[in-house]
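Bear in mind that the values in this text are calculations on the coordinates, not laboratory data. For clarity, every value in this text was computed on a predicted model and none was experimentally measured. Cβ: placed from backbone, ideal geometry, glycine included. Neighbour counts: every protein chain shown.
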Amino acid sequence: MAIRSDSVGNEKSYLRDMLAPIVGDVLEIGCGDGRLTRKYADLPRRIVGVDLPEALPRAGAEPLPKSVSLAAASGVSLPFPAGRFDCVVFSLSF
């Protein structure tokens, strides 16, 4: 399923709506400091956010919820086996 948002402000709402029916693990590519990743922590699933190493240092400033983890990785070469995630979110990554 692909969702296009015309407004950055509405994107969070669209992504939450998209993730609501997902029952398995979610991968967010390009998570940056994990701000949006943390917003999904109350949803009943495990969320892994990845971004380039230089984007993650700020991510450790706040403790992560137990359902969220962050990893340094390129979206081009992910360190996970095929089929590991039930949903992949790739948003505002250039």
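Mind ranking 20-26, 45-51, 78-84, 67-73 by how tightly packed they are, going by the mean number of other C-beta atoms within 10 angstrom, highest first?
Top of the packing list down: 45-51, 67-73, 20-26, 78-84.
At M18 and S93, where each label point lies 7 Å from the Cα along Cα→Cβ, what is the point-to-point distance in nanometres?
1.2
According to the square roots a ≥ b ≥ c of the eigenvalues of the Cα gyration tensor, what is the shape class of region 23-90, taking rounded for a/c under 1.5, prolate for a/b larger than b/c otherwise, and oblate for the remainder?
Verdict is oblate for region 23-90.
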